[in-house]
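Heads up, the thing below is written out as structure tokens.
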């Protein structure tokens, strides 16, 4: 964090955000791959829950982000750190496509995979290790 | 649709929304898990500490849930070990290439009315649905 790096209050609030986020993933059962696949499997025994998780989240963030972004700066930082890219390009779409395939194969995306490491489930750890591998691969194959 | 859990889904989603709002309001950051994780792997200056604390928060949230419920988190893996590895590689590589995942694009990006995030969310939703259809109903694998 820039001006006042790592000030305690900011770090505590980040921890609280993480805690609420992890709690939300657990409460909504999105940490369970079976629940996610149940949503993605339109032709199977369809479970719309994931759509309501998105709806519940957006019901908060849509109005709240609008209000927050009217401020000049956040409470404990000198500025907002927002993505600057504006174009829908091939990179964005092919990345989202690869992610979608992986998500559909295992029913895990980064948030639930990371959060459910605490369950010590071997399958999640394997997925997570491979996911880190994929991130490293991207870094060293494309960015350097 | 007997698996449908509308109340816990809405409540959990709202908690995620509150978490993302606090992060933006107080710290000015987007709550994108793949981005936060990527920043720990490839840290820039003093930028890693808050990310690690967020991740510790995630773990604590899951542990708190188990503590309050007095039961482990229900988790039914859907992929064989080999498939888990392939899926993990795709998710890791894809979220970095596409600059985000379900949280960064799906929850935060759409809330910022970002054209990129709308497009990315639509794309990964559609490809995931097609993938599940092919795996479950065409190739006949899975449960």
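FYI, it's all coordinate maths here, none of it is from the lab. This one's a predicted model, so the numbers in the text were calculated from it and none came from an experiment. With ideal geometry, Cβ positions are generated from the backbone for all residues, glycine too; neighbour counts draw on all protein chains shown.
Brief remarks on what is shown
- For chain A, the relative contact order is 27 percent, taking Cα pairs closer than 8 Å that sit 6 or more residues apart in sequence and dividing their mean separation by the residue count.
- Between A:42, A:82, A:126, the GNM of chain A built on Cα springs shorter than 10 angstrom shows A:82 fluctuating the most.
- Counts of other chain beta carbons within 10 angstrom of each beta carbon in peptide B:114-126 average 6.
- Result for chain B in a Gaussian network model with C-alpha springs under 10 Å: among B:76, B:111, B:119, the largest mean-square fluctuation is at B:76.
- All C-alpha pair distances within the range A:87-144, sorted into 10 Å bins from zero, spread as 21, 48, 27, 5 percent across the bins.
- Isotropically averaged projected area of chain A, using the convex hull of Cα atoms (one quarter of hull area), nm²: 11.4
- Whole-angstrom gap from the range B:83-117 to the range A:1-63, using each part's C-alpha centre: 13
- Two-site FRET efficiency, residue A:79 against residue A:125, from Cβ-Cβ distance with R₀ of 41 Å, rounded to 0.05: 0.65
- Mean per-residue shielding of peptide A:70-83 is 4, counting Cβ atoms of other chains within 10 Å of each Cβ.
- Peptide B:44-56 has a mean shielding of 5, counted as Cβ atoms of other protein chains within 10 Å of each residue's Cβ.
- Against chain A, whose longest principal axis is taken from its Cα atoms, helix A:49-68 shows a tilt of about 10°.
- Fully extended contour minus Cα-Cα distance, from residue B:4 to residue B:80, at 0.36 nm per residue: 24.8 nm
- Mean ellipticity per residue at 222 nm, deg cm²/dmol - from DSSP H runs of n ≥ 4 across the protein assembly as shown, formula -39500 (n - 2.57): -20000 deg cm²/dmol
- Fluctuation leader among A:61, A:115, A:84 - chain A, Gaussian network, Cα springs under 10 angstrom: A:84
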